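Working notes for the structure below.
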Amino acid sequence: MLTRLETYYDSVPRSAARAEDFGPLTLFVREGAGWPYYARPALGHAGAGEVPVEAVEKVRARQRELGVPEAFEWVAETTPGLRAAVEAGGLVVHEHPLMVLSADAEELPAPPEDVTVRMVGADDPGLASAAAAPYAAFGVAPARGAADQVAARLTAGLTRLAAAFDSTGTALAAGQHQPVGPVTEVVGVGTVPAARRRGLGLAVTATLVADARALGTETVFLSATDETVARLYARLGFRTVGTALIAEPAEQAG
């Protein structure tokens, strides 16, 4: 399973980013609007031993040159040697439960009566609001052209988008899954601050899972924020299979 996920991790950014080779590491640099990417172990390097500190520092220098976050993402169990290298440079490592859908969901409570949860297409009037909701959820300004970028990816079949809308048609929560062959990852699920603690993020995730199943996707996975959130995802049938790690400088983490 982890090998399958490593192949996915290497494939999915390539539809919107260029890949720069740094030996045991690959730096993905986004082309166009959207969330910035990161560096991760080069496909095939997983489990191959220690990652030199020098390789990490070369990537960080390139990220600073490009003006993008100094971020690294990987799976602890497949590339255990990377953690020591990033921590040697003073980066802070965050641990997140890596979960794969493996069982039927519990029966979940219905969303509030004034909320509608549904998939959103490229020509949907709610697209702009749905594309903006995760930015509001994570406290950052929407990237310029973000809605157009999402629309293009929806049209190309690279992304599937779900959102929870209030009675005015404003998205309160949204998220995506990104299919590549038989695998998809649920990403970017966020709820605007004023609508939290209503189960909307879980409802959006359940809708994405149902969509992925309807498409015949074999493997659906995600990274939970922490163990508390992981327990919520377990209600949808997700089970922890590893640990997703994210490393960044302390000032970015704060």
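The values are calculated or read from the model by the stated rules, or taken from the named source; none is laboratory data. Being a predicted model, the structure only gives us computed values, none of them experimental. Cβ sites come from the backbone with ideal geometry, for glycine too, and all protein chains shown count toward neighbours. Remember, those area values only see protein heavy atoms, side chains included, never the ligands or the DNA or RNA. Shrake-Rupley method; radii C 1.70, N 1.55, O 1.52, S 1.80 Å.
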Which of Glu113, Glu77, Glu87 ends up with the largest GNM mean-square fluctuation for the chain, with Cα atoms connected below 10 Å? Glu113
Only helices counted: for the chain, with every DSSP H run of 4 or more residues adding -39500 (n - 2.57) and the sum spread over all residues, [θ] at 222 nm is -9000 deg cm²/dmol
The chain - accessible surface per residue (Å², probe 1.4 Å): 46
Cβ-Cβ cut-off under 15 Å around Phe165, Lys and Arg +1, Asp and Glu -1: the net charge is -2
Rounded tilt (10° steps) of 53-66 against the dominant C-alpha axis of the chain: 60
I'd like the distance separating the alpha-carbon centroids of the range 153-200 and the range 112-130, in whole Å. 9
Per DSSP, the loop-located GluC sites (Glu not before Pro) within the range 212-254 having at most 10 other beta carbons within 10 Å are none
Using the Karplus curve 6.51 cos²θ - 1.76 cosθ + 1.60 with θ = phi - 60°, work out ³J(HN,Hα) for each residue of the range 171-188 in order, rounded to whole Hz, and write x for Gly and Pro. 6, 9, 7, 7, x, 9, 10, 10, x, 9, x, x, 10, 9, 10, 7, 9, x
Pick from Arg160, Arg213, Arg118 the residue whose mean-square fluctuation is largest in a GNM of the chain, springs joining Cα atoms under 10 Å. Arg213
When the chain is treated as a Gaussian network with springs between alpha carbons less than 10 Å apart, the largest mean-square fluctuation among Thr191, Thr26, Thr168 is found at Thr168
At a threshold of 8 angstrom on Cα-Cα distance, excluding pairs fewer than six apart, so keeping six or more, what relative contact order does the chain reach in percent? 24
Quick check: at a probe of 1.4 Å, how many percent of the accessible area of the chain sits on carbon and sulfur atoms? 52
Can you compute the modelled spin-label distance between Arg198 and Arg118, with each label point 7 Å from Cα toward Cβ, in nm? 1.7
Looking at the range 1-79, which trypsin sites (Lys or Arg not before Pro) are in a loop (DSSP not H, G, I, E or B) and have at most 11 other Cβ atoms within 10 Å? none
